[in-house]
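Below: the structure, in structure tokens.
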């Protein structure tokens with residue numbers, strides 16, 4: 001399978017607003033997504049089948065918890081697309097938002113594996129198919145691609161360093177001894 005690995009301009013620029021993106025990701029990752037214990041509890045004819053599709057169709061067996069990734073991605077997408085700030089309208093995504101969503105999706109789909117078993121763009125297209133009315137912003141379509149392994153490692157390291165910096169600042173701000 002050949003996936004696009006062509007970097008897009010500004011892939012690292014979302015780090016300029018790291019605290020915002022980190023906070024939104026943490027908010028969604030800390031949410032509890034209950035498992036459906038019996039198929040009888042789920043009606044596949046419901047219009048909003050959405051991410052539960054991954055529970056009854058094992059189309060990505062090498063990806064851990066695709067339903068949870070789907071739920072979290074939808075929440076981050078919703079938060080970012082509805083964020084309003086100077087020069088941005090609700091219902092849109094800026095380049096930094098797209099770069100963060102691409103990083104986040106690559107990170108989650110790849111997990112600890114070095115090689116992703118599928119194209120990030122294909123996973124997103126499947127999300128769009130099963131959530132037709134949810135993903136309406138077309139600018140994201142051309143911004144998703146498989147990040148090369150060494151680039152993803154660099155981005156993960158930078159993400160971790162920013163996280164460490166924030167923790168140090170938090171400790172210093174609270175007056176505790178380091």
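Values computed for the structure shown
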{"read-out": "Some residue of segment 41-53 being modelled with pLDDT under 85, surrounded by 12 or more Cβ atoms within 10 Å (Cβ to Cβ) and within 13 Å of the chain's Cα centre (by Cα)", "value": "no"}
{"read-out": "Odd one out for residue 156, checked against (1) within 24 Å of residue 18 (Cβ to Cβ); (2) surrounded by fewer than 17 Cβ atoms within 10 Å (Cβ to Cβ); (3) modelled with pLDDT under 90", "value": "(3)"}
{"read-out": "Filter pass, residue 133 being out of contact with any strand residue (DSSP E or B) (no Cβ under 7 Å at 6 or more places or on another chain) and either touching a residue at least 12 places away in the same chain (Cβ under 8 Å) or part of a helix (DSSP H, G or I) (or both)", "value": "no"}
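Here's the yes/no breakdown for (1) surrounded by 14 or more Cβ atoms within 10 Å (Cβ to Cβ); (2) free of Cβ contacts under 8 Å to residues at least 40 places away in the same chain; (3) part of a helix (DSSP H, G or I); (4) out of contact with any helix residue (DSSP H, G or I) (no Cβ under 8 Å at 6 or more places or on another chain):
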| residue | (1), (2), (3), (4) |
| --- | --- |
| 90 | no, yes, no, no |
| 100 | yes, no, yes, no |
| 103 | yes, no, yes, no |
| 112 | no, yes, no, yes |
| 118 | yes, no, no, no |
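The values are calculated or read from the model by the stated rules, or taken from the named source; none is laboratory data. Here the structure is a predicted model, which means the values were calculated and not measured. Reconstructed Cβ throughout: ideal geometry from the backbone, glycine too, with neighbour counts over all protein chains shown.
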